[in-house]
Amino acid sequence: MAAEFQFKSKSSQKDKKTTFKNYKQILNAELQMNYPPDAVLFHTICAPPSLKPPMKVSDLSGIPTSYTDPSTRLHYSTSEEFSTVCTLPPEIVHGYLVLRGVCSQ
């Protein structure tokens, strides 16, 4: 006698009916609940910062990378970009770092 699991039985699949809520119903349900003030809800834009580290991309080409020049702190993805990063003047390096948000002006 084989055991019949609930997720495999045909009768349990017939009983389920998915109901979808529109945006107004979701907002109304959230407004009626007593959530803490710092809770992230469906309509809040200000979500907490992500716990995942940001993806590193090359400052010159935008290709995902894991290489960083220790002297300039610029990200590069290929050896050609590394040779370009090493020859950049300090003003350009500072501009790239400001664009990435690493240092302020």
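Scanning region 29-64 for residues that are farther than 24 Å from residue 99 by Cα, surrounded by 10 or more Cβ atoms within 10 Å (Cβ to Cβ) and over 19 Å from the mean Cα position of the chain (by Cα) yields 29, 30, 31, 35. When the test is whether a residue is of a type outside the set (Ser, Thr, Tyr), part of a loop (DSSP other than H, G, I, E, B) and within 23 Å of residue 53 (Cα to Cα), residue 98 does not pass it.
Of the residues making up region 79-105, those that are among the hydroxyl-bearing types (Ser, Thr, Tyr) and without any contact (Cβ under 8 Å) to a residue 12 or more places away in the chain are 79, 83, 87, 104.
In summary, residue 19 fulfils each of the numbered conditions (1) part of a loop (DSSP other than H, G, I, E, B); (2) loosely packed, with under 12 Cβ neighbours inside 10 Å; (3) at pLDDT 90 or above; (4) of a type in the set (Ser, Thr, Tyr) with the single exception of condition (3).
The numbered conditions (1) modelled with pLDDT of 95 or more; (2) among the hydroxyl-bearing types (Ser, Thr, Tyr); (3) under 22 Å from the mean Cα position of the chain (by Cα) are all true for residue 83 except (3).
The values are calculated or read from the model by the stated rules, or taken from the named source; none is laboratory data. Given the structure is predicted, the values throughout are model-derived calculations rather than measurements. Cβ coordinates were reconstructed from backbone atoms using ideal geometry, including for glycine residues, and neighbour counts include every protein chain displayed.
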